[in-house]
1. Points 7 angstrom from Cα along the Cβ direction at R33 and N51: gap in nanometres?
2. Quote the accessible area belonging to I17 in square angstrom, nearest 10, computed with a 1.4 Å probe and with ligands, DNA and RNA left uncounted.
3. May I ask for the angle, rounded to the nearest 10°, between helix 33-59 and the longest principal axis of the chain, with both axes built from Cα atoms and the value confined to 0 to 90°?
4. Would you mind getting me the FRET efficiency between Q2 and E64? Use the beta-carbon distance for r and R0 = 22 Å, nearest 0.05.
5. Would you check the accessible area of D14, probe 1.4 Å, heavy atoms only, in square angstrom rounded to 10?
6. Which label marks the calculated value of mean projected area of the Cα convex hull in nm², given the options (1) 5.6; (2) 5.0; (3) 3.7?
7. Out of the chain, which chymotrypsin sites (Phe, Trp or Tyr not before Pro) are coil in DSSP terms and have no more than 10 other C-beta atoms within 10 Å?
8. Counting only GluC sites (Glu not before Pro) that sit in a DSSP loop (anything but H, G, I, E, B) with at most 13 other Cβ atoms within 10 Å, what is the longest stretch of the chain containing none of them?
Amino acid sequence: MQQTYTAVVKREADAWIGWIEEVPGVNCQEATREELLESLRVTLAEAIEFNRADAIDAAGHGFEELPIAV
């Protein structure tokens, strides 16, 4: 299942900066808009995987994983 997130991007002096609205801490800076979007994709994927692993570790044993739609 592919999830869609919102990237906020803008040109700032000689660089492009951006962040993902829905996930605090996912932000990047690159020389071009295209590089920025790719960095945001990679950083978002890493953050989601890290958060997933952290949540499973915190749950210990005897837990369920259930999908929740919003």
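1. 2.7 nm
2. 40 Å²
3. Relative to the chain, helix 33-59 is tipped by roughly 20 degrees.
4. 0.45
5. 130 Å²
6. Computing mean projected area of the Cα convex hull in nm² and matching it to (1) 5.6; (2) 5.0; (3) 3.7 gives (1).
7. Passing both the DSSP loop test and the Cβ count: F63.
8. Result for the longest clean stretch: 23-63.
The values are calculated or read from the model by the stated rules, or taken from the named source; none is laboratory data. Please read all numbers here as calculations on a predicted model, not as lab measurements. Note that each Cβ is placed from the backbone with ideal geometry, even for glycine, and that neighbours are counted across all protein chains shown. Ligands, DNA and RNA are stripped out before the accessible areas are found, and what is left, the full protein with its side chains, is counted by its heavy atoms. Shrake-Rupley method; radii C 1.70, N 1.55, O 1.52, S 1.80 Å.
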